[in-house]
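Please read the structure below before turning to the comments.
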Amino acid sequence: MTGVEYIRKCPECGSTNLLIQKDIGEVSCRDCGSVIEEKMIDLGQEWREFNEDQASKRRRTGSPMTYTKFDRGLGTDIGQKGEIYQLSSKGKNKFFRLRKWQHRISTAIERNLKLALAELKRVSSYLKLPKSVEEEAARIYTMAVQRGLVRGRSMESVVAGSLYASCRRHEVPRTLDEFSEASGIDKKEVGRTYRFVTRELGIRILPSNPIDYLPRFVSALKLSAETQSKAVDILNKARDAELTSGRGPTGIAAASLYVAALINNEKRTQREVADVAGVTEVTIRNRYKELLKELNLKDKVKKKLLKELEDEETGKE
C-alpha cells in the first residue's frame, strides 16, 4: 500500500492538508511540516515500452481472469504450438497421450461450461452486447451451473436468461423478443428461466427504465434529437404521474416517442413504431391515449395531426 492510500490525516496536528511527493517518496503535512512517510513504495512498472513487441517481452503477467472461459483463463493445453514435434518419437507419443487424457479428464461442470460459454459468446455477438455484459452473464451462468440450476432445463434457455439478467443489471436495453430470436428459444421460456435464475441466486434486478430504449428507437425511425428530448420529457412526466407503473417499458417508450414525433411534425405511423419497438399497434394506441389524457398533451398536438391520428385508428386512411 502507498502512503496515498492509507494516510488520511497528519498524526501530529490532525490536518488533512498533505503534500505527496512521489519523486522522492515522501508524504508531509503542509500545516505543521511533519514528514509522515519517507519510504513510499512505487507500485508502477519499473520498465518502459515503446512498441507492442517490447511490451510482450517485458511483461511478466498473462491475461486477466475471465468468466467467459471455463477455466477462468488459467488453464494450459499440452502441445499447442508445435514444440512436441521437435521431440523424439518416444517423447512425441508420450505428449500425444498426455494431450488426449487432458481432454478426457474433465468434470461435468467443465464440459457444460465449454459448450454453454461458446453459445453465450455467439448470442452476445449476435445482439452486439458489450464485454461487461458478456462477463457478467458468464459469471451468472457459472454460478447457476455450480448450484445445479441447469438440470432439467435446456442450456440455451439458461444462457439466454443469464444474458438477459446481465443486460438488466447493466441497463443495456434488450427485449425478450430479441433474446428469443437470437437463441431460438420461446420468449416465455426465456422469461421463465430468467426469473428462476435470478430468484435462486438472489440477484436483485430493478425495473427497466423506458428512457433506456429511446436512443435505439430514435435511430431506427430516423427521428431528430429534439423529438428524443421531447419523448424523455413526456416519460419523466408519465413517471411522476405513475403512468409507467405496471406497464411494459418498450410500449410506454414507443408511445411517448410516437406522441413526441407528432408534436414535432415528424409523424410516423403506428405500424412503423410498433415494428421497431417489438410491440403491437394496440399497445401503442392504448398507451398514447393515456399519455394524451393524463398529461394534457392534446393542446400541443395540432388538430390536423389529431385528425390523421383518428383516421389511422378507424382505418379510413
key: For the stretch 200-216, Karplus couplings with θ = phi - 60° (6.51, -1.76, 1.60), whole Hz, Gly/Pro x   = 5, 8, x, 8, 8, 10, 7, x, 5, 8, x, 5, 5, 8, 4, x, 5
note = Of the listed pairs 69/187; 9/39; 222/267; 230/267, those with alpha carbons more than 19 Å apart are 69/187
note = Residues 103, 170 in order from fewest to most other beta-carbon atoms within 10 Å are 103, 170
key: Mean residue ellipticity (222 nm) of the chain, computed from DSSP H runs ≥ 4 via -39,500 (n - 2.57), nearest 500   = -17000 deg cm²/dmol
ask   = Cα extents of the chain along the three principal axes, largest first, in whole Å?
value = 83, 72, 41
inquiry  = Give me the percent relative contact order of the chain, please, defined on Cα pairs under 8 angstrom at least 6 residues apart.
reply    = 9
task = Compare 59, 151, 287 in a GNM of the chain, Cα atoms joined below 10 Å, and give the one with the largest fluctuation.
result = 59
task = Could you work out how far helix 155-169 tilts from the main Cα principal axis of the chain, as a 0 to 90 degree angle to the nearest 10?
result = 80
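Every number in this text was worked out from the coordinates using simple rules, so none of it is lab data. From a predicted model like this one, the values you see are computed outputs, not experimental measurements. Note that each Cβ is placed from the backbone with ideal geometry, even for glycine, and that neighbours are counted across all protein chains shown.
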